[in-house]
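The values are calculated or read from the model by the stated rules, or taken from the named source; none is laboratory data. Just so it is clear, the model here is predicted, and its values are computed rather than measured. Backbone-built Cβ (ideal geometry, glycine too); neighbour counts: all protein chains shown. All accessible areas refer to the heavy atoms of the entire protein, side chains included, with ligands and DNA or RNA removed. Shrake-Rupley method; radii C 1.70, N 1.55, O 1.52, S 1.80 Å.
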Amino acid sequence: MADPLLCVTGLYKNYLENVPVLKDVSFNIESGEYVAIMGHSGSGKSTLMNILGCLDTATAGHYYLEGRDTAALSSDELALLRNRLIGFVFQGFNLLPRSSILDNIALPLLYSGKSKVERREKATVMLTRVGLAQFGDRRPNQLSGGQQQRVAIARALVTDPKLILADEPTGNLDTQTGDEIMKIFQDLNEDQNITIILVTHEDDIAAHAKRLIRVVDGQIASDQAS
Amino acid sequence: MIIGALLGEGWAAMRANRMRTLLTMLGMVFGVGSVIMMLAIGQGAQLMVNESIASMGSNLFIVLSGSTSAGGLRQGSGTVPTLTLDDAQAIGELTEIASVAPNLPNNAQLIYASNNWSTQVLGTTPAFFDVREWPVVSGEAFKDSDVRSATRVLLMGQTVVRNLFGDENPVGKMVRVKNSPFLVLGILAAKGQSLDGRDQDDTVFVPITTAQRQLFGNQFPGMVRSIMVKAKSAEVMAKAEQGMTELLKIRHRIHIGQENDFSVRNLAAVAQAAASTTEAMSTMLGAIASVSLLVGGIGIMNIMLVSVTERIREIGIRMAIGARTRDILLQFLFEAVMISLAGSFIGAVLGVACAYFFSQYNDTLVVVTLSSVFLSFGVAAAVGVFFGFYPARKAANLKPIEALRYQ
Ligand SMILES: Nc1ncnc2c1ncn2[C@@H]1O[C@H](COP(=O)(O)OP(=O)(O)OP(=O)(O)O)[C@@H](O)[C@H]1O
Ligand SMILES: [Mg+2]
């Protein structure tokens, strides 16, 4: 059988010495899965997501992405992985405030070395797909929270990643807008077979996922299909 | 093409903080502007000195009369006339000497029609124009026969012509010098400034005997103030100096241990000293100005550090979506270099303009060379890279997660 998309074995993370935030975390995620991660505040969900996104490194244990040990990769190789393989959707949107919506969406393509024409074309396609075609020239702060999150999703998708990491993507949104965002994720997973890992506090958001991992005090308490 | 895009990002950042960008650029504006202006002034001064040196003639000595001691009271050079026409003739007979020209300068009022002009009247011999390499451009020079018979003729420098005759041609006209009529024989070529800044064209020349006997008659017949001496070549300068000194000591009966009543000056050495002084001055001007370039560079570094700190989250976002260390480094480096180059461009324009106005206002020579403009541009770009590198590296070395979490 081929390598799973993600493979985490015996992962530890200490911010401070001898205070592990993640303790012996192990799981596999196959390509095309839709996983929700739940847990109390401070249980280590974001810490785990940051490691899965190659933004941070584990203190001990291994994290294999497409079969490659991420600990052995250089910072530039990790940057390449983030660029090609992973799309991030953050709770706080994390758009560049001074750039236009279209430029924000096109930015990952700049770091993939795509031409200006190609960047604009793909960004425009993505913008249309999230239903914001008429807002391309605006700045992020001229959009509503839900619209900004859709821009962030468009940016995450513009490089055709295999994996979307979303840390509380609906945390700053009302229920209805949150549902719209969740609908987008659902379509991505079902129509394009994109793997999605989602952190949330809300049961009805988690219910969209096909698998639920519960984290308690930095350890996996349960891992089951939902 | 990513380079082009990163330049665009730098430009966008510059525009986003217009006021700050302008203030940062100001350091480079003044730095480059002052370097260009100072180099222009220095090079202008050097050019003027070189022209003066060239106008002096080559392999020249000047023998000055004076200083005698009378009862312990020593007079300065030229105060007591100790040199004579016979001394000049004797020097001319030395083997190393090409030609000699005795000088007797004084001031007099010249009158032509309703114009009058006070100027220097220099009594000399026809050899003078050869020694000083100073051609007659109109009319002709006076001859040895004029010297022998002390005729009332004169040659005019360009400044005197302008002030006394305006557009009229003076050759063949009569002017009054100290109320005696003199015939204008010819006009000399323009010579420009001397090393001490005097206008050499503000002079008229008369046969030395005429000056001695008819204009500035005095108690010492045959006396001259100084003698211009031209050696045959640069190689015999030292020997010529020694020969002249020996000769004059004997002729003036100066005993061993007694002070000379004349002095011999090697003008090539004087010129050399003047040239190296102006060169030192222009180097110093440039050096002082480059300090401001340095200060401008530090200003850039300062602002870039602020800019990096302000944009740590932005850097984190860029890293999360795939920016490599190099991409972040180049982005901030380009921004620094662009600020520096834009500042240098404005500085270069201002520097050239200021140099131009300076030359107009002060009537001095100012030379802006292309190489000085390129030099300061190159230095400015280097300053941008050098002082931009530290902040850029600081940005590029941030850890993605730490940058993203930064508040
Ligand atoms: N940079 C850090 N330095 C030190 N401790 C940290 C750091 N980041 C997180 N922690 C600690 O690690 C623990 C886990 O934090 P984490 O952000 O992963 O929690 P979380 O599960 O995402 O919580 P929430 O649901 O509130 O987002 C917390 O106790 C937190 O205080
Ligand atoms: Mg969290």
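Hey, rough spin-label estimate for residue A:210 and residue B:402, points 7 angstrom out along Cα→Cβ, what's it come to in nanometres? Once both label points are built, they end up 4.0 nm from each other.
One way to sum up the overall shape of chain A is the equivalent ellipsoid from its Cα gyration tensor, whose semi-axes run 29, 20, 16 Å, largest first. Projecting the Cα atoms of A:141, A:59, B:65 onto the charge dipole of the protein assembly as shown, computed from C-beta unit charges around the Cα centre, puts B:65 farthest toward the positive end. Largest GNM mean-square fluctuation among A:106, A:209, A:72, using chain A with Cα springs under 10 Å: A:72.
Any idea what the dipole of segment B:81-260 comes to, in debye rounded to 20, about its Cα centre with Lys/Arg Cβ at +1 and Asp/Glu Cβ at -1? Don't skip to the answer; put the middle values down first.
Details: 18 positive and 19 negative charges, 102 e Å.
The dipole of segment B:81-260 has a size of about 480 debye.
Rounded to the nearest 5, what % of the DSSP beta bridges within segment B:81-260 are antiparallel ones? Restricted to segment B:81-260, the bridges split so that about 75 percent are antiparallel.
Ordering B:208, B:188, B:174 by Cα displacement along the dipole of segment B:166-237 toward the positive end leaves B:208 in first place; charges were set at the Cβ atoms of Lys, Arg (+1) and Asp, Glu (-1). Helical content alone sets the calculated 222 nm signal of chain A at -10500 deg cm²/dmol, taking -39,500 (n - 2.57) per DSSP H segment of four or more residues and averaging over every residue.
Site pair residue B:62 and residue A:71 shows an inter-label distance of 8.8 nm when each label is modelled 7 Å from Cα along Cα→Cβ. Between helix A:101-111 and chain A, what is the angle of the helix's C-alpha long axis to the longest principal axis, kept within 0 to 90° and rounded to the nearest 10? Compared with the principal axis, the helix lies near 60 degrees. Looking at the protein assembly as shown, the DSSP beta bridges with both ends there are about 70 percent antiparallel. Ordering B:34, B:338, B:111 by Cα displacement along the dipole of the protein assembly as shown toward the positive end leaves B:111 in first place; charges were set at the Cβ atoms of Lys, Arg (+1) and Asp, Glu (-1). Once you order the gyration tensor axes a ≥ b ≥ c over the Cα atoms, which shape class does segment A:39-137 get: rounded for a/c under 1.5, otherwise prolate or oblate by comparing a/b with b/c? Because a/c hits 1.5 or more and a/b fails to exceed b/c, segment A:39-137 counts as oblate. Here chain A carries DSSP beta bridges of which approximately 55% are antiparallel, counting only pairs with both residues inside. Size descriptors for segment B:81-260, from the alpha-carbon set: Rg then Dmax equal 17.3, 57 Å. Shape index of the protein assembly as shown: Rg/Rh, with Rg the Cα radius of gyration and Rh the Kirkwood radius from the inverse mean 1/r over Cα pairs, equals 1.37.
In debye, nearest 20, what is the charge dipole magnitude of the protein assembly as shown about its Cα centre with +1 on Lys and Arg Cβ and -1 on Asp and Glu Cβ, if you could check?
Numbers: 54 positive and 57 negative charges, 282 e Å.
Roughly 1360 debye, rounded to the nearest 20.
Looking at the square roots a ≥ b ≥ c of the eigenvalues of the Cα gyration tensor of chain B, which shape do they give, rounded for a/c under 1.5, prolate if a/b is larger than b/c, or oblate?
On the way: a/c = 4.34, a/b = 2.78, b/c = 1.56.
Judged from the Cα gyration tensor, chain B comes out prolate (a/c at least 1.5, a/b above b/c).
Given Cβ point charges of +1 (Lys, Arg) and -1 (Asp, Glu) and nothing else, what value in debye, to the nearest 20, does the dipole of segment B:151-236 about its Cα centre take? In total the dipole reaches around 360 debye. At the residue level, residue A:54 shows approximately 10 square angstrom of accessible surface with a 1.4 angstrom probe and all protein chains present. For the pair residue B:270 and residue B:196 in one chain, pulling the backbone fully straight at 0.36 nm per residue adds 25.6 nm over the alpha carbon distance. Within the shell defined by Cβ-Cβ distances under 14 Å, the residues around residue B:305 carry a net charge of +2, with Lys and Arg each +1 and Asp and Glu each -1. Helical runs assigned H by DSSP (4 residues or longer) give chain B a calculated mean residue ellipticity at 222 nm of -18500 deg cm²/dmol, each run adding -39500 (n - 2.57) before division by the residue total. Overall form of segment A:123-192: oblate. Here a/c, set by the Cα gyration tensor axes a ≥ b ≥ c, is 1.5 or more, and a/b is not larger than b/c. Note on segment B:8-52: semi-axes of the ellipsoid equivalent to its C-alpha gyration tensor, largest first and rounded to whole Å, are 38, 9, 4.
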